[in-house]
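The values are calculated or read from the model by the stated rules, or taken from the named source; none is laboratory data. Note that the structure is predicted; figures quoted are calculated from it, not measured. Virtual Cβ from ideal backbone geometry, glycine too; neighbours counted across all protein chains shown. We work out accessible area using only protein heavy atoms, side chains counted, and drop any ligands, DNA or RNA first. Shrake-Rupley method; radii C 1.70, N 1.55, O 1.52, S 1.80 Å.
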Amino acid sequence: MAISRRRGGARRINFLRSNRRLRLEALEDRRLLAASGLWLNPDPTLSDGILVQLRDSAAADASLRATPDVSVLTPGLKRVALTAGDDIASQLDAWRGDANVLFAEPDYAVSIQAQPNDPDFDSLWGLHNVGQTGGTLDADMDVFEAWDVTVGSGQTIVAVIDTGVDYAHEDLAGNMWVNGDEIPGDGIDNDGNGYVDDIYGYDFANNDPDPMDDHDHGTHVAGTIGAVGDNGIGVTGVNWNVQIMALKFLRANGNGNFSAAISALEYAVDNGAIISSNSWGFNGGESQALSQAVAQAQQAGHIFVAAAGNGNFAGVGLNNDATPFWPSNVDTDNVVAVAALDHNDEIASFSNYGARTVDVGAPGVNTLSTTIGNTYSTFSGTSMATPHVSGAIALLVDLYPEWGYERVIDRLFATVDPVADLAGITSTGGRVNVANLLAPDVVAPTILEVAPSGPVSSTTDRMQVTFSETIDGATFDASDIVSFTGPDGDVNVLDVQPVANTLGRTYEVVFQQQTTLGDYTMIVGADVADYAGNLLDQNQDGSGGNPDDHVSHTFTILPFVGRYDFGSAASALEVGYTRVHPASSYDAATGYGWIGSGGIAVSRGGGTNLTHDLVYAPDLTFETDVPDGVYDVTLTIGDLGPYDHELMEIRLEGAVASNVSTTVEWAHSIGSS
């Protein structure tokens, strides 16, 4: 397709990627101007005075009567100055309770909002939506409001792993990362990082030090993250002052190799990029090498922001829970997977989604940004939503460079705006809100879940406690288990440790192994806090850290019946399990075995011992006899290969207790007591 462009002009392209192939689709042009205004801080605690309107000046306090009126136009309106340490809430209550006072209110501060002078800012509905494109008012990321906190410090490095970046672009040059330890063009690796003359980054697609964009896509992504703000040119990025590292691994045709992507990510981590923006991906099988690289980046505290993908060849969004899209589906907690929203806060028709595998939404339809050769273009895609989030995270890191990746991502997730269209199809159910993201954290944590709970048909030596947000690990240790008792008396807690890939929200409480049948009760104290110092507020009454915020949890160890491994003779036997395979018949003496015929066991050599060994038999039944009582029965079924499993059932006393069907490449666990 031939596409014309003009210097400083705009063109509209819908950028779609599916199964490693790119498709461009022209869209119509719609651009209107937005309005600007003043910003009111509604927090009365930040006011240094109170406005008091007298009802009866003659009867009012003498000192107040002597205070000059604020204006001759409003007789009796006085300003009462506050001094350091005054409790404004108490002062307001006192004045409002005075019979001579008509009203009293904080003398709020009003200021001009930070608004860039970039001529095309008003077209950036994703940053500030006032309906300029026909969309819904405030269906945006509240970036405009967030700029009153910070517009960026210029200290945070964001790697754009893409088709390269036009580092000479008029609206990007001032925000490009520059390797100051390298001397341009001398043919020497001056800084000893393994790359010669890598000034702005590196081109891993062509194995040379020039990451210049020859496609547009990477330059567009870079502009959304950090086009220079308030420079009187073009657009502005989410972050006005940021360092953009250009890492090219996709060639001019939009294709690239895993090895090049891995090298680019490694370069980003090794050279100081805290965040990488990854607007690319593929369907199909997982690349273990790529997933391993993302996991290694996690160990370095690197945040990997990734596009959720743009659906199938028809442009219809897919469920990433069922049809994985990589690398956004990589299962490490440093990955932020991003879906695309339009100007009405509706998920874009092309955007992938997933209740377990896609985290947040961000603007990704008709996004104006920089393109090569000092031009500006409008693209659509999860590729465009992703850099909005990368820029937002960079603003937070600018404010709090000492925060670890877990705290940063947890804050991102905790401060989203709920969006109806994302409910149930993303893990947070919301769109990133940058103003919320940068605001002080005043929300106290609560405990969402403690496991195991209820009947437990086994011995146990640990429990998992899941909080509503990232917890400061220094505030949660064995001493915070204020009580733990069982049938034999007190239970000795040995350790409390965070669970990997849970953003510091889930902790494991390890204790001496318990085998005695009966009830066990653990009480978690309320001195546990988040990183902002907010103490556990389980009853959510606004006052945390109190005895009524303690959390009590009980589980019961019941008689152990048995665990059975239905694998083949060739597979390893899971510890603590009894091997039963189809050749066995029902044995009344042991009380378990197979009833039926025609079953065969196979081992595919993948997955775990309990998921890769399956039995083929449409009518084969495994039965076990148990004494009367209450039992926790769990059946884990599934497969890592291309197989479906239908109508798997647990029957108790002949009645169906639970059943499930599984799809390709899926494991499912069902339980019944």
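Points worth noting:
- Estimated from the Cβ-Cβ distance and a Förster radius of 22 angstrom, the FRET efficiency linking F258 and A300 is about 0.65.
- Within the accessible area of the stretch 95-194 (1.4 Å probe), percent carbon and sulfur: 51
- T156 long-range amide H proximity, modeled H, under 5 Å: Q243
- The stretch 278-365 - Rg and Dmax from Cα coordinates, angstrom: 12.7, 39
- Using θ = phi - 60° in the Karplus curve 6.51 cos²θ - 1.76 cosθ + 1.60, the 3J(HN,Hα) couplings for the stretch 489-505 round to x, 5, 9, 7, 7, 8, 6, 10, 9, x, 8, 4, 6, 10, 6, x, 8 Hz; x is entered for Gly and Pro.
- For the peptides 422-430, 91-99, the ranking by mean Cβ contacts within 10 Å, running from highest to lowest, is 422-430, 91-99.
- Long-range HN-HN contacts of R462 with modeled amide H, under 5 Å: F511
- Taking amide H as placed 1.01 Å from N in the peptide plane, the amide H of L82 sits under 5 Å from that of G49, I50, each at least 5 places away or on another chain.
- Computed P(r) (all Cα pairs; the stretch 418-489; 10 Å bins; percent): 12, 33, 28, 18, 8, 0
- Evaluating 6.51 cos²θ - 1.76 cosθ + 1.60 at θ = phi - 60° for every residue in the stretch 379-388, the Karplus couplings come out as 10, 10, x, 5, 4, 8, 5, 4, x, 4 Hz, glycine and proline recorded as x.
- The packing ranking, built from the mean of other Cβ atoms within 10 Å per residue, places the peptides 272-281, 80-89 in the order 272-281, 80-89, highest first.
- Net charge in the neighbourhood of G525 (other residues with Cβ under 11 Å of its Cβ; Lys, Arg +1, Asp, Glu -1) is -4.
- The stretch 276-384 - percent of accessible surface contributed by carbon and sulfur, probe 1.4 Å: 48
- Inter-probe distance in nm under a simple model that places probes 7 Å from Cα toward Cβ, at Q512 and D210: 7.2
- ³J(HN,Hα) computed for each position of the stretch 224-234 - Karplus, 6.51 cos²θ - 1.76 cosθ + 1.60, integer Hz, glycine/proline x: 5, 5, x, 4, 4, x, 6, 10, x, 10, x
- Overall, the accessible surface of the stretch 226-268 at a probe of 1.4 angstrom is composed of carbon and sulfur to the extent of 45 percent.
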